[in-house]
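K.L.:
Attaching a single structure in structure tokens format; questions to follow.
Laboratory data are not the source of any read-out in this text; all were calculated from the coordinates shown. What you are looking at is a predicted structure, and each value in this text was computed from that prediction instead of being measured. Cβ placement follows ideal geometry from the backbone for every residue including glycine, while neighbour counts extend to all protein chains displayed.
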Amino acid sequence: MSNAAPLLDVANLRVDFPTPTGTVHAVRGLSFTLGRERLGIVGESGSGKSMTGRAILDLIPPPGLVTADRLAYRGQNLLSMHRTERRHLRGRRMSMVLQDAKFSLNPVATVGHQIAEAFRVHHKANRREARERTLSMLEAVQIREPAHVYDLYPHEVSGGMGQRVMIAMMLIAEPDILIADEPTSALDVTVQLQILKILDDLVTRRGMGLIFISHDLHLVRSFCDRVMVMYAGKAMETMPAAELTDPAAMARRHAYTLGLLGCLPELERPKAKLATLTRDPEWLK
């Protein structure tokens, strides 16, 4: 990351959920910064990756409690902001593409109407201008015949197209930060490459900051600039993406990271048996 001030500055972020049997610590003291780069977050299911993204956007439902020593967007303290101010930033300056994006769409409204609505919420624009901007954005995410797709309902588009529709909706306001939660999961390889190309272009051409949440270590290694490895809501380590699978850097890797890498099958060098993750309670202290 460059010496420029970060887009996002997070220090000691915690997300807790009180339950009848005790408090569940979903995120435990997480600290990181995000510049105009691609930051990958990896870890097992339940490690707190998605909760981190939702906490940044103020999307943790009650009774969840979000606290932090610092949670700042371009120097602005998000935690001290009024909810109305944070709502204005959400979508306009910071957006999130959720898992199973197609099913996050309103089933009784056309995809074009929903994207245009997202644009009009954050910009003073009439219907015609919003439609033109929507068609342009659909084309930007490589959807053919955007005028036809504009009038389709969510159930009429494929999974890959639905994913691109959601990306178009999140990007139409031209945010500075995009949190992409498993944006290529359940998509075929060809569509995955198209989605990644779109995201890569947005970071390099528009200077956007991207938090890329994924289970795919090889994908994160090849696509991201930095990688943060999470376990049970806590960051085990953060490193340049190129070092994730670099044999010369393995001696510096955390035991949990090595465990995740050991669980990956290798086509070129098949393993007789994949490793089983071992977890040390000391990691959470």
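K.L.:
Volume per residue, Å³, of the convex hull around the alpha-carbon atoms of the chain?
P.N.:
161
K.L.:
Also, quick follow-up: What's the Cα-based Rg to Rh of segment 17-133, Rh via Kirkwood?
P.N.:
Values: Rg = 17.0 Å, Rh = 16.9 Å.
My calculation of the ratio gives 1.01.
K.L.:
How long are the three semi-axes of the equivalent ellipsoid for segment 1-42, computed from the Cα gyration tensor as the root of 5 times each eigenvalue, in whole Å, largest first?
P.N.:
30, 10, 6
K.L.:
Report relative contact order for the chain in percent, whole number only (criteria: Cα-Cα under 8 Å, sequence separation at least 6).
P.N.:
With pairs under 8 Å counted, the relative contact order is 23 percent.
K.L.:
Quickly work out the residue 108-to-residue 238 label distance, labels modelled 7 Å from Cα along the C-beta direction, and quote it in nm with one decimal.
P.N.:
That separation, rounded to one decimal, is 4.4 nm.
K.L.:
To continue, here is another question. Return the whole-Å distance between the Cα centroid of segment 1-73 and the Cα centroid of segment 117-146.
P.N.:
If we compute the Cα centre of each part, the gap is 31 Å.
K.L.:
Further question: Loop-only trypsin sites (Lys or Arg not before Pro) in segment 34-139, please: DSSP not H, G, I, E or B, and at most 13 other Cβ atoms within 10 Å.
P.N.:
74, 124
K.L.:
Something else about it: Report, in degrees rounded to the nearest 10, the 0 to 90 angle that the Cα long axis of helix 83-92 makes with the longest principal axis of the chain.
P.N.:
Once rounded, one gets 80 degrees.
K.L.:
State, to one decimal in nm², a quarter of the convex hull surface area for the C-alpha atoms of segment 169-274, i.e. the direction-averaged projected area.
P.N.:
8.4
K.L.:
Another question, if that's okay. Could you calculate the contour length gain from residue 193 to residue 279, that is, 0.36 nm times the residue separation minus the distance between their Cα atoms, to one decimal place in nm?
P.N.:
Fully extending the segment from residue 193 to residue 279 adds 27.6 nm.
K.L.:
With the cut-off at 1.5 for a/c, could you classify segment 89-188 from its C-alpha gyration tensor as rounded, prolate or oblate?
P.N.:
Cα axes put segment 89-188 in the oblate bin.
K.L.:
Extent of segment 126-175 along each principal axis, from alpha carbon coordinates, in Å, largest to smallest?
P.N.:
28, 22, 16
K.L.:
Which number do you get for Rg(Cα) / (2.2 N^0.38 Å) in segment 1-84?
P.N.:
Its radius of gyration relative to the 2.2 N^0.38 Å reference: 1.14.
K.L.:
At residue 200 and residue 250, where each label point lies 7 Å from the Cα along Cα→Cβ, what is the point-to-point distance in nanometres?
P.N.:
Distance between the two pseudo-spin positions: 2.7 nm.
K.L.:
DSSP loop (so not H, G, I, E, B), at most 12 other Cβ within 10 Å: list which GluC sites (Glu not before Pro) in segment 222-285 pass both filters.
P.N.:
Listed in order of number, the matching sites are 266, 268.
K.L.:
Okay, helix-only estimate at 222 nm for the chain: each DSSP H run of n ≥ 4 adds -39500 (n - 2.57), divide by all residues, round to 500 deg cm²/dmol; what do you get?
P.N.:
Calculated mean residue ellipticity at 222 nm is -10000 deg cm²/dmol.
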